[in-house]
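*Asks:* Take this structure first; my questions come after.
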Amino acid sequence: MSFELHRPRSLDEALTLLEKNEGAHVMAGATALVLLMRQGLVRPSVVVSLRDAGLGGIRAESDGALWLGATTTIREAEESPLVRSFCPALAEAFGHVATVRVRDQATVGGNLAHADPAQDPPPMLLALGAEVELAKAGRKKPRRIPVEELLVGLFETSIEEGEILTGVRVPPLPAGTRATYVKFLPRTEDDYATVSVAAVGRVTNGALMDARIALGSVGPTAVRARKTEAALREVALMPGGADNGRLTAAAALVRDEIDPLDDIRGSAEYKREMARVWTERAVRSLLS
Amino acid sequence: MSRHEIRFELNGEARTAEVEADRLLLDLLRADLGATGTKEGCRIGICGTCTVLIDGRPISSCLYPAVYADGRKVRTIEGIAPDGGKLTPLQQAFIEQGGFQCGICTPGQIVSATALLEAHPKPTEDEIRRWMMGNLCRCTGYFGIRRAIETAAGTAR
């Protein structure tokens with residue numbers, strides 16, 4: 001592999017470089033791109049590093065939203081008091097990524113732009129209704145799209161030629177919102193999940209309102225489970241924590257909302273069953 | 001291939017190097033600078049053998065572009081013990097607690113555990129497990145390594 005590397009010092013400079021170099025690849029933490037280049041899956045002629053472009057940082061926005069700049073490392077997000085107080089489950093989802101070494105190098109924006117369906121942050125960000133901002137040379141206001149519209153296929157996003165993902169915005173959470181992220185890892189803790197489930201919802205008088213469920217490692221992208229969400233509306237547990245049948249029935253719907261593959265982490269059928277089991281557990285933990 | 005001049009600090013010493021865009025920090029250290037204490041293992045960021053610290057934080061030098069070291073402090077196994085041949089309490093504990101056998105993973109283990117103790121001087125067993133989980137050892141199992149860290153931290157039971 002032989003490429004020209006650019007190290008712009010600002011977003012504007014980076015956008016101009018992309019405009020001038022069609023097909024250029026953007027590199028942030030580099031953990032994914034280094035491996036893809038070594039495997040020969042990506043052979044860029046121009047690489048634009050965002051490392052010094054000033055896109056890092058975490059802040060609370062005036063409307064109560066949380067902003068995570070694209071080159072914020074996963075570990076910065078995991079350890080940020082701002083992220084933790086905004087939504088502890090989001091900090092935990094970042095903390096589940098690979099190992100501390102990867103978390104210290106890989107970035108929040110790179111993790112999304114890589115569109116690996118087995119990553120931990122995307123299902124949590126989907127369930128939280130997060131959006132990303134995409135800047136482009138000559139564009140006055142960035143394009144803002146839901147994470148759900150960003151992730152279109154296996155390692156495939158809707159980012160257009162010349163665009164740079166500048167960060168992710170998590171909208172303010174209504175009072176009483178609970179969130180959880182569970183990762184089923186039967187092998188080792190630094191492995192990809194067999195199945196992961198993010199669940200978010202308000203709980204009022206013991207009943208789950210407006211549930212949002214998203215899963216990872218069960219198809220070409222992280223995915224929302226909308227039929228399951230609809231069936232979970234106002235689900236509550238009986239005294240003592242028993243289910244009256246509605247939670248079990250709703251969780252069973254998730255089996256048909258995913259598209260897992262047979263691989264070393266289990267057969268597709270096994271993953272459907274584990275998705276059902278872990279969805280039920282995630283919702284149960286929101287209610288208890 | 002573009003070439004880039006970088007300035008960084010290696011174990012407290014100012015260094016400059018000219019590197020190609022695709023040069024990885026592991027190869028800069030071992031092949032170009034002769035700092036062979038850092039070992040090469042899987043070369044895909046999994047095994048932890050090539051762990052070094054960038055501004056105090058552990059990374060896999062096999063995944064880290066050498067140009068990214070520009071302006072940063074790099075600390076390798078050679079920079080862990082103070083001058084004069086005296087080992088750190090952690091290194092001493094690895095010897096006394098049987099924290100290694102063949103030794104290939106040991107530089108990475110020591111560098112990772114050094115960063116752990118700097119971030120969490122009295123780590124819980126769970127913190128040790130979570131932090132060290134990405135440093136693989138195929139000889140000893142992990143009990144000796146955990147014991148060595150607990151001994152250095154003064155939390156061994």
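The values are calculated or read from the model by the stated rules, or taken from the named source; none is laboratory data. Keep in mind the model is a prediction, meaning the values are calculated, not measured. Every residue, glycine among them, receives a Cβ derived from its backbone with ideal geometry; neighbour counts consider all protein chains shown.
*Asks:* Can you tell me which condition residue B:94 does not meet? The list is (1) within 27 Å of residue B:149 (Cα to Cα); (2) hydrophobic (A, V, I, L, M, F, W, C); (3) touching a Pro at 6+ places or on another chain (Cβ under 7 Å), and all the others hold.
*Replies:* (3) is the only condition that residue B:94 fails.
*Asks:* Would you mind finding the one in B:19, B:67 that is modelled with pLDDT of 95 or more, in contact with a Pro (Cβ under 9 Å, 6 or more places away or on another chain), within 11 Å of another protein chain (Cβ to nearest Cβ) and not in a loop (DSSP other than H, G, I, E, B)?
*Replies:* Numbers: B:67 fails: in contact with a Pro (Cβ under 9 Å, 6 or more places away or on another chain).
Only one candidate qualifies: B:19.
Condition check ((1) in contact with a helix residue (DSSP H, G or I) (Cβ under 8 Å, 6 or more places away or on another chain); (2) under 25 Å from residue A:169 (Cβ atoms)) across all residues:
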residue: A:13; (1), (2): no, yes
residue: A:44; (1), (2): yes, no
residue: A:55; (1), (2): yes, yes
residue: A:60; (1), (2): yes, yes
residue: A:105; (1), (2): yes, yes
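*Asks:* Same structure again: Looking only at the stretch A:228-271, which residues are assigned to a helix (DSSP H, G or I), in contact (Cβ under 8 Å) with a residue 24 or more places away in the chain and under 20 Å from the mean Cα position of the chain (by Cα)?
*Replies:* A:228, A:254, A:271
*Asks:* Enumerate the pairs (first residue in the stretch A:84-109 and touching a residue at least 12 places away in the same chain (Cβ under 8 Å); second residue anywhere and assigned to a helix (DSSP H, G or I) and of a type in the set (S, T, N, Q)) with beta-carbon separation below 6 Å, excluding pairs fewer than 6 apart on the same chain, so at least 6 apart or on different chains.
*Replies:* Going by the 6 Å Cβ cut-off, the qualifying pairs are A:102/A:31; A:105/A:31; A:106/A:31.
*Asks:* For the subset of the stretch A:1-29 comprising residues that are surrounded by fewer than 23 Cβ atoms within 10 Å (Cβ to Cβ) and of a type in the set (Gly, Ala, Ser), which member is nearest to residue B:48 (Cα to Cα)?
*Replies:* Among those residues, the one meeting the criterion is A:2.
*Asks:* Within the stretch A:130-149, identify whether any single residue is away from chain B (no Cβ under 14 Å) and touching a His at 6+ places or on another chain (Cβ under 8 Å), and answer yes or no.
*Replies:* At the first step, the residues of the stretch A:130-149 found to be away from chain B (no Cβ under 14 Å) are A:130-149.
Next, only the ones that are touching a His at 6+ places or on another chain (Cβ under 8 Å) stay: none.
Among the residues of the stretch A:130-149, not one is away from chain B (no Cβ under 14 Å) and touching a His at 6+ places or on another chain (Cβ under 8 Å), which makes the answer no.
*Asks:* Now for a different question. Scan the stretch A:156-175 for residues that are assigned to a loop (DSSP other than H, G, I, E, B) and within 27 Å of residue A:211 (Cα to Cα) and jot them down.
*Replies:* A:158, A:171, A:172, A:173, A:174, A:175
*Asks:* For the stretch B:79-157, which fully contained helices (runs of 4 or more DSSP H) count at least 2 residues that are within 13 Å of another protein chain (Cβ to nearest Cβ) and out of contact with any Cys (no Cβ under 7 Å at 6 or more places or on another chain)? It would help to see each step written out before you state the result.
*Replies:* Values: elements: B:89-96, B:106-119, B:125-132, B:143-153.
Here the list reads B:106-119, B:125-132.
*Asks:* On to the next question. Return yes or no: is residue A:149 assigned to a helix (DSSP H, G or I) and either assigned by TED's automatic domain parsing to the domain that holds residue A:263 or not basic (Lys, Arg) (or both)? Give the derivation first.
*Replies:* On the way: assigned to a helix (DSSP H, G or I): yes; either assigned by TED's automatic domain parsing to the domain that holds residue A:263 or not basic (Lys, Arg) (or both): yes.
The answer is yes for residue A:149.
*Asks:* When you look at residue A:146, is it touching a residue at least 12 places away in the same chain (Cβ under 8 Å) and in contact with a strand residue (DSSP E or B) (Cβ under 6 Å, 6 or more places away or on another chain), yes or no?
*Replies:* On the way: touching a residue at least 12 places away in the same chain (Cβ under 8 Å): yes; in contact with a strand residue (DSSP E or B) (Cβ under 6 Å, 6 or more places away or on another chain): yes.
Answer is yes for this residue.
*Asks:* On the basis of being of a type in the set (Gly, Ala, Ser), in a loop (DSSP other than H, G, I, E, B) and away from every other protein chain (no Cβ under 14 Å), does residue A:193 make the cut? Walk me through it before giving the result.
*Replies:* Working: of a type in the set (Gly, Ala, Ser): yes; in a loop (DSSP other than H, G, I, E, B): yes; away from every other protein chain (no Cβ under 14 Å): yes.
Judged against the criteria, residue A:193 is a match.
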